[in-house]
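Enquirer: The structure under discussion is supplied below as structure tokens; questions concerning it will follow.
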Amino acid sequence: MEKKVVCKSRKGSNQKVSQQSIEKSSKPIAGMSKAEILAGHSRNDSVASKDIGKILDPATLDTIISHLRTSLEETFTQSSQTKDALEPFLVLLDPESIQTYLEQAWDLDRFVLDNSFLYLLSLDPQLHRTNFRTLIFFKDGRLIKTRESSNNVIRSFFELIGFSYDFIRGISTRVNGKEGHCVPYILGRYSFLPLSGPTRRQSSWVNLSKVQHYRALKGEKGVEIHCENQHVFQLPVRSQFFADKVKQAGQTIHRQEHLLRNVLRNFDYVEGRKEERENNLLGNAFHAHTDRISMISMEDYIRIFQFSFAETALKHPSLRDNPVTDEALQLLRENLYSDLPHLRNAVR
């Protein structure tokens, strides 16, 4: 009985103490104004904030934020990189380096070549131990192997561009004044170099517009070209041959750009912008009724230009007294351009 009484008395005393402490915290302290009580609370808050400041000082906060930023960047980089990311091409002179790419390439006999290809390689059946005839490397890492010859593949591409290799080669030969071997195909943004005579046999082709720089290989016959996206190819050609073709291609590009500037200037284009003809007789005539304008297709208009160039050439003073000149003009009119509208006032 005594033990129970002692326990109850202890519990009661503890309850009184806790109750008193609660009352002290909730009731105003005797002899202190409300302003003094608020000031005491603010002092307590400032002490607590100082304690937190000691734990999270500016240097520590910067370290934490920097760590979070680094973690986020690493996470984003890992998620953005695919597991099947393609490595840059490294094609060496030895045939063994081609075997790996032959195994990885897509087997396609019908496809459309585009201007993103880097190297169109003509395969040797004995040297490369394959029945495929062409292997094509693309800028984005694609690989295509085909049983079509390299000449057929590149010719189909020239058909899409609109001008054959023979046409470009003929212009380059006449501009340079001599026959050329492996003449670069240069037409605006299209720049290709055959590594051997494409008119005689199969040839490999390099897309010069994707080459950033090149260097001669020491101790062996070859040139190493570095293309966009870190792709590297070693070509089995002499360094002097490649340097001469690059120089020839650069000169052709310069001539074409010069010609284009003159043409645009004659059509009132300044820095690629059309100059409007204001208050001009011919400019106003452009807005005439369409039924008064002779509608000629672009193809016919180009053929008329071709005939005009041919006629001008045949009337050169050196051919004026040549009896073949008149026969050639008549041949052009009757066999090649007889169906053209408005040519020599001919009736449709």
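Enquirer: Pull up the range 248-290, narrow it to residues that are within 30 Å of Leu208 (Cβ to Cβ) and assigned to a loop (DSSP other than H, G, I, E, B), then point me to the one that is modelled with the lowest pLDDT.
Expert: Gly272
Enquirer: Okay, next question. For the range 71-123, which residues satisfy the criterion of being under 30 Å from Lys218 (Cα atoms), at pLDDT below 90 and among the charged types (D, E, K, R)?
Expert: Answer for the range 71-123, where residues must be under 30 Å from Lys218 (Cα atoms), at pLDDT below 90 and among the charged types (D, E, K, R): Glu87, Asp94, Glu96.
Enquirer: With the checklist (1) surrounded by fewer than 16 Cβ atoms within 10 Å (Cβ to Cβ); (2) charged (D, E, K, R); (3) within 20 Å of Val91 (Cα to Cα) in hand, flag the one item Arg174 doesn't pass.
Expert: (3)
Enquirer: Name the residue that is nearest to Thr252 (Cα to Cα), counting only residues in the range 149-182 that are within 27 Å of the chain's Cα centre (by Cα) and aliphatic (A, V, I, L, M).
Expert: That would be Ile168.
Enquirer: May I ask you to verify whether Asp140 is assigned to a loop (DSSP other than H, G, I, E, B) and either under 22 Å from Ile186 (Cα atoms) or among the small types (Gly, Ala, Ser) (or both)?
Expert: No.
Enquirer: Still on this model: Looking only at the range 130-140, which residues are surrounded by 13 or more Cβ atoms within 10 Å (Cβ to Cβ) and either out of contact with any helix residue (DSSP H, G or I) (no Cβ under 9 Å at 6 or more places or on another chain) or without any contact (Cβ under 8 Å) to a residue 60 or more places away in the chain (or both)?
Expert: Taking the range 130-140 first, the residues surrounded by 13 or more Cβ atoms within 10 Å (Cβ to Cβ) are 130, 132-139.
Answer for the range 130-140, where residues must be surrounded by 13 or more Cβ atoms within 10 Å (Cβ to Cβ) and either out of contact with any helix residue (DSSP H, G or I) (no Cβ under 9 Å at 6 or more places or on another chain) or without any contact (Cβ under 8 Å) to a residue 60 or more places away in the chain (or both): Thr130, Phe132, Thr134, Leu135, Ile136, Phe138.
Enquirer: Oh, and also: For Gln240, work out the one condition from (1) exposed (fewer than 14 other Cβ atoms within 10 Å of the Cβ); (2) in a strand (DSSP E or B); (3) among the polar types (S, T, N, Q) it doesn't fulfil.
Expert: For Gln240, the failing item is (2).
The values are calculated or read from the model by the stated rules, or taken from the named source; none is laboratory data. Everything quoted here is computed from the prediction, not taken from an experiment. All Cβ positions, glycine included, derive from the backbone under ideal geometry; neighbour counts span all protein chains shown.
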